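J.: Submitted below is the structure of interest, expressed as structure tokens.
The values are calculated or read from the model by the stated rules, or taken from the named source; none is laboratory data. Predicted model, so just to flag it, every value in this text is computed and none were measured. FYI the Cβ positions are ideal-geometry reconstructions off the backbone, even for glycines, and counts take in every protein chain you see.
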Amino acid sequence: MKPSFVFLVLLCSIFRVVASEPFQLSLTPDVQWHDRSTDIAGVRIGVWADNDSFSGLDLNIAQQTYQDWSGVGFAVYNQIDGEGRGVLLAPFGINDVKEHFTGWTASTFYNRVDGSIHGWQTALVAYSGNGGKGLQSAAIAIADGDLAGVQFGAVYSHCSGEFNGLQTGLVNYSDEMNGLQLGFVNITRYMGSGVQIGLVNVIQNSPVPFLPIVNAKF
């Protein structure tokens, strides 16, 4: 076999692996224009879309992307198994990102990012598995890991790591706090430098661990 022919075959194989398609139309994962293994860089429209990676404009009822996703997406259910970047919207639905997300991720009911969030995360219930930086706003806002920025939980705000910034809601809790807690009940296990304003204010590492109205430690 000629070396030039072998090289041509290898080149075609590599191109086929890295090539992406500009358009995807889908009904189900088994009934779509391009199969799941095809990367889409362009526009994806469908009922239930299913691809390895995606970048561009994503308009579906439901979509699952097995690797990284970037762009603007609109669906009732969004699942990204890799990292996400851009604007991910799920009106009347759920966003579920398995790694980090950078940008704006918004859903009506549940918004989950297992990695860190860098940007704005909002929903009825918002969860970040590794904290992040930016704004987290929800009825119930939960961050596991360090979070910097603003956490607004209308009913409950929770940070299980170090929080730096403004944490506000009816009930606020942080493992470690630097900044301002504003609510009816404010609790932190360790206050580095900050202020609590509310009816019940608890700083467990303070010489005065409980004060009504205002508590602080610097």
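J.: Could you grab the pairs with beta carbons closer than 6 Å, sequence gap of 6+ or different chains, first residue in region 185-196 and assigned to a strand (DSSP E or B), second one among the charged types (D, E, K, R)?
T.: Pairs found: 189/175; 190/176; 191/217.
J.: I'd like to know if region 93-111 contains one or more residues that are in contact with a Ser or Thr (Cβ under 7 Å, 6 or more places away or on another chain) and either under 28 Å from residue 186 (Cβ atoms) or touching a residue at least 60 places away in the same chain (Cβ under 8 Å) (or both).
T.: Among the residues of region 93-111, at least one is in contact with a Ser or Thr (Cβ under 7 Å, 6 or more places away or on another chain) and either under 28 Å from residue 186 (Cβ atoms) or touching a residue at least 60 places away in the same chain (Cβ under 8 Å) (or both), which makes the answer yes.
J.: Which residues, taken from region 121-134, are part of a strand (DSSP E or B) and either modelled with pLDDT under 95 or surrounded by fewer than 18 Cβ atoms within 10 Å (Cβ to Cβ) (or both)?
T.: Correct list: 124, 133.
J.: Among the residues of region 136-161, count how many are surrounded by fewer than 19 Cβ atoms within 10 Å (Cβ to Cβ) and in contact with a Phe, Trp or Tyr (Cβ under 6 Å, 6 or more places away or on another chain).
T.: So the answer is 1.
J.: Which residue out of 101, 92 is modelled with pLDDT under 95 and within 28 Å of residue 172 (Cα to Cα)?
T.: 92
J.: Okay, next question. Since residue 92 meets every condition but one in (1) touching a Phe, Trp or Tyr at 6+ places or on another chain (Cβ under 6 Å); (2) not in a strand (DSSP E or B), which condition does it not meet?
T.: All conditions pass for residue 92, except number (1).
J.: Okay, next question. Which of the residues spanning region 67-83 are over 12 Å from residue 96 (Cα atoms) and not in a strand (DSSP E or B)?
T.: 67, 68 - these are the residues of region 67-83 that are over 12 Å from residue 96 (Cα atoms) and not in a strand (DSSP E or B).
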